[in-house]
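The values are calculated or read from the model by the stated rules, or taken from the named source; none is laboratory data. Owing to the predicted nature of the structure, the values given are computational and were not obtained by experimental measurement. A quick note on method: Cβ atoms are made from the backbone with ideal geometry, for glycine too, and the neighbour counts reach across all protein chains shown. Heavy atoms of the whole protein, side chains included, go into the accessibility calculation; ligands, DNA and RNA do not. Shrake-Rupley method; radii C 1.70, N 1.55, O 1.52, S 1.80 Å.
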Protein chains: 2
Amino acid sequence: MTRQTVTHEDGAIYEFAPDLEAIETVDSGAALTIETRDSLDGAVQDESDVIESVPEEVNAATGPIAVEGARPGDVLRVELEAIRLAEQQGRVVTIDGFGLLDGDEEIDAPRTRLTPVVDDDGDTPSIRFADLAVPVEPVIGTIGVAPATESYTTLVPHDHGGNMDTTDVTAGNTIYFPVFQEGAMLAMGDCKAAMADGEMCGTGAEIATEIDCTVEVLADPDHDLERPLLETDDAWKPIVSAETLEVACERANRDAIELLAAEHGFDETEAYMFSSLVGGLEISQVVDPLVTVRNAIPKAYLSSPF
Amino acid sequence: MTRQTVTHEDGAIYEFAPDLEAIETVDSGAALTIETRDSLDGAVQDESDVIESVPEEVNAATGPIAVEGARPGDVLRVELEAIRLAEQQGRVVTIDGFGLLDGDEEIDAPRTRLTPVVDDDGDTPSIRFADLAVPVEPVIGTIGVAPATESYTTLVPHDHGGNMDTTDVTAGNTIYFPVFQEGAMLAMGDCKAAMADGEMCGTGAEIATEIDCTVEVLADPDHDLERPLLETDDAWKPIVSAETLEVACERANRDAIELLAAEHGFDETEAYMFSSLVGGLEISQVVDPLVTVRNAIPKAYLSSPF
């Protein structure tokens, strides 16, 4: 099958809204290449380019892409096959009013550091931060679908996905979204060449990419998905964004309980006890307007819920 | 060298206090086997044994053990060599007033589930929860030293260690504590046969163990350690306990910044930016009176700070 290409120039959004208009319509099962700009839209090309405050429009998400046949109540499966860097440098920035240690007088904001991409030996490329080499492990920061009723800027993560900044949203993994609107309306961007769990300073190494993925509609799924679910090689991970890490952890625990109870016939208490023995809670990001955690349930104890 | 054995019967504490009296004094470099009871002191042997409320005395920590020559300002290095299960069953419990989903009407508390230890095929043992096998991956829930000024029950984690419930505190890893008092006064207990990151229901599979470890005093260390630091095969991880996950994350980020700045000559902002690219924040537990996170700094970017 030919891979269809969707570029940032075809269209990009700064808000996930219920009534998005598709820039492209593709079949369920389509293989896509999606080109994304860096989260700062190319504004930072030099270390003298600093970001004074969080831009009103940030994290441009290429799309939205309608998937033929997707209806509310379905699930959209997005298999992430490859993420290639599309420029020769990333950038890490601090921004006044943003980041885990925002307001700390020892932290200088705004500041910019470029992270050049180096491919010394033809192997896996790395980026440089000062004289340190960091292996390129790309992350899609913002990926989501049209929400049910509210609108969310691309700075905000919620049940539609959005700015989840989750390191596991990377090549080799698959992410599942609830379909809230006809066509699902997939969009993605805000990629990083590398990012720590937490994304403490407010960014990873922000960079333009090309993402190879395959989209598929799962009609009438067995599991009533309320928010994104991630599949890695060895685990299923509900992803939850909320006002506080505590609330996000509680919801992520409830999601795991629901999945474990359905799989094993456990009551809620048994599933809760079991969830306390295997896998567990992981931090995605602690810097966006809502924070994000995930809850790893090893595949040894959970098959596909769909 | 002979391995010295210290048993629960020799002595155990329910409070880490500044003025602990040693039950044993050992040389720096001593190889020890420390026997620990389960966190509930054997009160739960059957599923009809339930825990109505958090006991006033819980998480008995075998010790304290004075290490010859340890002075305030030194660091105590505890290499965890092996953790063997010392009984044939663990137990998972829910307790009213405790646990991430405490108060949820779908969760039944108190309730007890036994987790028998099974060694079917002579390989790695596993525990059973219902008909599921969970590999035994022991965790030391409570481990610490005498604090500087305040006292903390063995239910509470703080800068002296204590009830950190951190899955990485396991065989093969090494944990470093600040020495606040003469002799350091090491004590440990509250082990689990298996535990999820988060310890959501409030326990793992609580079980008695024998812990092989080697203790060593690092006199006049280069790094002024304020709280526990963990060394795994591939990372250094400051461990921080605080009132909220948010505050714990901030402190764990600051600890990483201090270590990275010292290693690479970064200023705070550079270290903050770099901390946002590699490793990252991890959840230890979200259920104790203070919650605990750790921050993984890959060894590729950090050598021993001592």
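In table form, for the structure just shown:
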{"item": "Equivalent ellipsoid dimensions for the range A:52-189 as semi-axes, Å, which come from the Cα gyration tensor, largest first", "result": "31, 22, 11"}
{"item": "Amide N of the range A:78-96 lying under 17 Å from the label point, which is placed 7 angstrom from the Cα of A:Thr124 along Cα→Cβ", "result": "A:81-85"}
{"item": "Reduction of at least 20 Å² in accessible surface, 1.4 Å probe, comparing all protein chains with the chain by itself, residues of the range A:278-302", "result": "A:Gly279, A:Leu281, A:Ile283, A:Tyr301"}
{"item": "Anisotropy class of the range B:159-306 from Cα gyration tensor, a/c 1.5 cut", "result": "oblate"}
{"item": "Protein accessible area in the range B:47-104, 1.4 Å probe - carbon and sulfur %", "result": "40 percent"}
{"item": "Per residue, in Å², the accessible surface of the range A:1-154 once ligands and nucleic acids are set aside, probe 1.4 Å", "result": "45 Å²"}
{"item": "Calculated P(r) of chain B - Cα pairs past 23 Å, %", "result": "54 percent"}
{"item": "Cα-based shape type of the protein assembly as shown, given that a ≥ b ≥ c are square roots of the gyration tensor eigenvalues and the cut on a/c is 1.5", "result": "oblate"}
{"item": "Rounded, prolate or oblate (a/c below 1.5 giving rounded, otherwise prolate when a/b exceeds b/c) for the range B:10-57 by Cα gyration tensor", "result": "oblate"}
{"item": "Exposure of A:Met185 as accessible area (Å², to 10), given a probe of 1.4 Å and all protein chains", "result": "20 Å²"}
{"item": "The protein assembly as shown - charge dipole about Cα centre, Lys and Arg +1 at Cβ, Asp and Glu -1, debye rounded to 20", "result": "640 debye"}
{"item": "Complex-versus-alone comparison for the range A:237-257, residues with a loss of 30 Å² or more in accessible area, probe 1.4 Å", "result": "A:Leu245, A:Glu246, A:Cys249, A:Glu250, A:Asn253, A:Arg254"}
{"item": "Cα-derived Rg over Rh, computed across the range B:151-223 with Rh taken as Kirkwood radius", "result": "0.97"}
{"item": "Hypothetical label at B:Lys299: residues of the range B:227-259 whose amide nitrogen lies under 18 Å (7 Å Cα-Cβ projection)", "result": "B:229-239"}
{"item": "Two-site FRET efficiency, A:Ala219 against A:Val54, from Cβ-Cβ distance with R₀ of 45 Å, rounded to 0.05", "result": "0.70"}
{"item": "Alpha-carbon centroids, the range A:202-219 and the range A:252-274: separation in whole Å", "result": "30 Å"}
{"item": "The range B:285-299 and the range B:35-69: distance between their alpha carbon centers, rounded to Å", "result": "22 Å"}
{"item": "Sparsely packed GluC sites (Glu not before Pro) within the range A:27-86, loop by DSSP, other Cβ within 10 Å at most 16", "result": "A:Glu47, A:Glu52, A:Glu56, A:Glu57, A:Glu68"}
{"item": "Debye intensity ratio in log₁₀ form over the Cα atoms of the range A:109-187, taken at each q of 0.14, 0.17, 0.23, 0.24 Å⁻¹", "result": "-0.64, -0.80, -1.04, -1.08"}
{"item": "Which of B:Val278, B:Val118 is most accessible, then next, and so on - probe 1.4 Å", "result": "B:Val118, B:Val278"}
{"item": "Reduction of at least 40 Å² in accessible surface, 1.4 Å probe, comparing all protein chains with the chain by itself, residues of the range B:85-125", "result": "B:Leu100, B:Leu101, B:Glu106, B:Ile107, B:Arg111"}
{"item": "Between helix B:245-264 and chain B: long-axis angle, C-alpha atoms, 0 to 90°, nearest 10", "result": "40 degrees"}
{"item": "Inter-copy label distances at A:Ala86 (7 Å, Cα→Cβ; nm, one decimal)", "result": "6.0"}
{"item": "In the B-A interface, the accessible area buried, summed over both sides, Å² (probe 1.4 Å)", "result": "5000 Å²"}
{"item": "Charge dipole of the range A:71-110 about the Cα centre (unit charges at C-beta), most positive-ward option of A:Val78, A:Leu101, A:Gln89", "result": "A:Val78"}
{"item": "Surface share of carbon and sulfur [accessible, 1.4 angstrom probe, percent] for the range A:160-302", "result": "41 percent"}
